[in-house]
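Just below is one structure, and these are the notes that go with it.
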Amino acid sequence: MCLVLLYDGATRTLRRTINRFKDRAYGASWRADGKLLVAGGEDALVQVFDVESRSILRQLRGHRRPVHVTRFDPDRLHVLSGGDDATVRWWDVTSGKQVSRWDGHTDYVRAAAPNPAVAGAWATAGYDHVCKIWDARSAESTLSVNHGAPVEAVAFMPSGSLLVTAGGTQVRVWDLLAGGREIACLANHQKTVTSLAVSGYTGPTSSAGPRLLTGSLDSHLKVYDMSSFKVTHIQKYTAPILSVALSRDGGQLAVGLADGTLTLRQHTHPRGAKGRAPGDRRPRPVPLTADSYRYFIRGQSSKAAAEDSVVQAEKRASLARHDRLLRKFQYREALDAAVSAGQPAVVASVLEELVARGGLATALGGRTAPRLRPLLRFVRRTLNDPRHTRQLVALVHVLLDLYGGGDSLPAIAGELALVLERVRLEVLAQEELMRVQGMLGPLLASAVGHDE
């Protein structure tokens, strides 16, 4: 299928169709805030989409064969992809550039999952029977376990210390704190296990800990109690299961079948839940929270009564150009727009936002001498303003780190010399002020003593 379909879990209706693919699409996954979606494909491209407009924000090129695995990192700024070229690649969404390439697999990469308890830790697995744990900061594998069969899916338990791999007819559980020791082998399926999902839902109607859900080509979905590794529930479907997913609150279950069917099931609460009669099976109303679409459209169809007062909505102020560019992660263009506006307070606020996002180096990198000069001129004019000195000093430090030994240094040497002269004059002024302060101190002390 050369498209991605997006469904509303509350209304069970199709909301979006993304058909910007030249060939089959694989491994689509959401960013945590639900605003962006990433997907691979048969054409070896990794593409990032804006969900509302369905436009392509980034096309990440580097894989040489089809890409079946794409996942957003929890930091929302990076994407991990794995393909049939046996490589795993780490991308910076902001710049659209490949940060690192992770070599280690010897066959198709088919699964990946982030560790929920350790930032930058990922598990990848594939048809070489091996699951590897990676540190994204060093781009190195820290641990490998052999599943014994081509691995179709991988998942972490909520604590981050247990890793689950699925391949062949078996599901294996590994203790990472014990150096990757296998602690359980679950062999309850008759055909290949294709998918895993972990439920960490423990609410007022749940008396158990996390559950592991497994889907298989034998058309069965099985639920395991991870404290005993026993099957607690079994669900039979009409076709082989290819994928399983749970909503964040564990309230909805989505299962994709080989015949093209997507099934959605609502979580049912057990009998005797708090506030219910033991035999009452009426569906419990689902509370609206800010993580659901219906929360933001509630009340739109309501009509005002005769005694109601109608308040006109204020027209939303249009965003400045640098704010629009920041929302699109175009850090370099956002900084240029702020500098061209010529308002020090605006530039300082943009610099603070870039530092908070970890994007200052991205905004300053890849510049030629003509694009560096406006920045240095702005620094020279504004450096003596104590309200913005801290941000500007940080900017100059990053500039020197990036271009201190490069070819651009001679071309901007004149501007740097002027900045240095401004710093020297500021130091002299501070020294003069210190002398004045030293002279005023005794005079003020004498005046206070005379008054007493």
Quiz item: Mind ordering 11-18, 342-349 by average Cβ neighbours within 10 Å, highest first?
Solution: 342-349, 11-18
Quiz item: Computed FRET efficiency, Cβ-Cβ of Leu433 and Asp323, R0 45 Å: what is it to the nearest 0.05?
Solution: 0.75
Quiz item: How much length, in nm to one decimal, is gained on full extension between Val311 and Ser161, taken as 0.36 nm per residue of separation minus their Cα-Cα distance?
Solution: 48.7 nm
Quiz item: How many nm separate the modelled label positions at Arg101 and Ala139, each set 7 Å beyond the Cα in the direction of the Cβ?
Solution: 0.9
Quiz item: What ranking, highest mean first, results for peptides 66-78, 378-390 when packing means the other Cβ atoms within 10 Å averaged over each residue?
Solution: 66-78, 378-390
Self-check item: Rounded to the nearest 20 debye, dipole of the chain from Cβ charges on Lys, Arg, Asp, Glu
Solution: 1560
Self-check item: Where Rh is the Kirkwood radius over Cα pairs, Rg/Rh for the range 105-250
Solution: 0.95
Quiz item: For the range 115-134 and the range 1-56, what is the separation of their Cα centres, given in Å?
Solution: 24
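Summing +1 for each Lys or Arg and -1 for each Asp or Glu, what net charge is found among the other residues whose Cβ lies under 15 Å from the Cβ of Lys230?
Numbers: positive: Arg211, Lys222; negative: Asp225.
Counting the neighbours of Lys230, the net charge comes to +1.
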Practice problem: Hey, for a label at Gln252 modelled as a point 7 Å past Cα toward Cβ, could you say which residues of the range 33-61 have their backbone N under 18 Å away? | Solution: 33-38, 51-52
Quiz item: Which of Gly40, Thr124, Gly104 sits closest to the plus end of the dipole of the range 1-139, meaning its Cα is farthest towards the positive end, when Lys and Arg get +1 and Asp and Glu get -1 on the C-beta?
Solution: Gly40
Quiz item: Looking only at the range 333-364, which residues have a backbone nitrogen under 12 Å from a spot 7 Å from the Cα of Arg387 in the C-beta direction?
Solution: 343-349
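Dipole magnitude of the range 341-452 about its Cα centre, charges +1 at Lys/Arg Cβ and -1 at Asp/Glu Cβ only, in debye to the nearest 20?
Numbers: 12 positive and 12 negative charges, 117 e Å.
Charge dipole, the range 341-452, about its Cα centre: 560 debye, nearest 20.
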Self-check item: Net charge over other residues, Cβ less than 15 angstrom from the Cβ of Gln330 (K, R count +1; D, E count -1)
Solution: +4
Exercise. Please work out whether the range 55-132 counts as rounded, prolate or oblate from its C-alpha gyration tensor, where a ≥ b ≥ c are the square roots of the eigenvalues and a/c under 1.5 means rounded, while otherwise a/b larger than b/c means prolate and anything else oblate?
Key: oblate
Exercise. Starting from the Cα-Cα distance between Cys185 and Asp259, subtract it from 0.36 nm times their residue separation and give me the gain in nm to one decimal.
Key: 23.7 nm
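Every number here is computed from the coordinates shown, using simple stated rules; none is lab data. Source: prediction; values computed, not measured. Cβ: placed from backbone, ideal geometry, glycine included. Neighbour counts: every protein chain shown.
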